[in-house]
Amino acid sequence: MGEIDQGAGGQGGAAAIQDWESGIVPGDVAIDYRAEGIGWRVVTLRIGDQICEIEASSLSDVLGELLRAGLAMLAGARRTAIFASAEPGGSWIRLERETLRVRGGTAIHGVRVTVQPRDPLTGVDGDIEFDAVCHSPRALAEAIHAMAAPHFVDGARPTDPAALAALAGALVAVRAMAGDQASGTP
């Protein structure tokens, strides 16, 4: 991952659960990952009615990076970024915790997701192509896990399986702390 900033929200403990479980809105966020052609991967992000496709070379580990980014945000990171290398160029996928509102003295957080291409000739970041906010770090982590898990069936190892296991374990813990064993419901 390019960067992880734990910020003030990165302090674990029981008090942090309110940040993690800020509510899941059905259909809020969906992510798709697929192989396309020889050596290319495509990630499709949908938050609300906004959609963005990101191409990445199979030489980069965009699937593993997404799993680790989802875990970081679920664990309380303030922000994280990954670079989907497209050889040449690529795109930054940035995730940043954002306070949506304060309820009863508790901040309710969402996650702003931006995608910004990098010009292959100049190495300069271009204009932001995608900018949307999902309703919670948990909603984002659930969508990343739902996207990634099918790629590991029948012993397939498209990336380090420990990344999938870590995110799956964290989601089980968050659901249990929230009194919710069913994925995707508050």
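The values are calculated or read from the model by the stated rules, or taken from the named source; none is laboratory data. Because the structure is predicted, anything quoted here is derived from the model rather than measured. Neighbour counts run over all protein chains shown; Cβ positions are idealised from the backbone, glycine included. The protein model used for the area step is the full one, side chains on, heavy atoms only, and it has no ligands, DNA or RNA in it. Shrake-Rupley method; radii C 1.70, N 1.55, O 1.52, S 1.80 Å.
Miscellaneous remarks
- Taking a ≥ b ≥ c as the square roots of the eigenvalues of the Cα gyration tensor, region 83-186 is oblate, since a/c reaches 1.5 or more and a/b is not larger than b/c.
- Order of exposure, largest accessible area first, which applies to 152, 130 with probe 1.4 Å: 152, 130
- Most tightly packed first, judged by the mean number of other beta-carbon atoms within 10 Å of their residues, the peptides 135-148, 165-178, 80-93 read 135-148, 80-93, 165-178.
- Residues of region 41-186: accessible area per residue with a 1.4 Å probe, Å²: 45
- Per atom type, region 25-132 shows carbon and sulfur on 52% of its accessible surface, probed at 1.4 Å.
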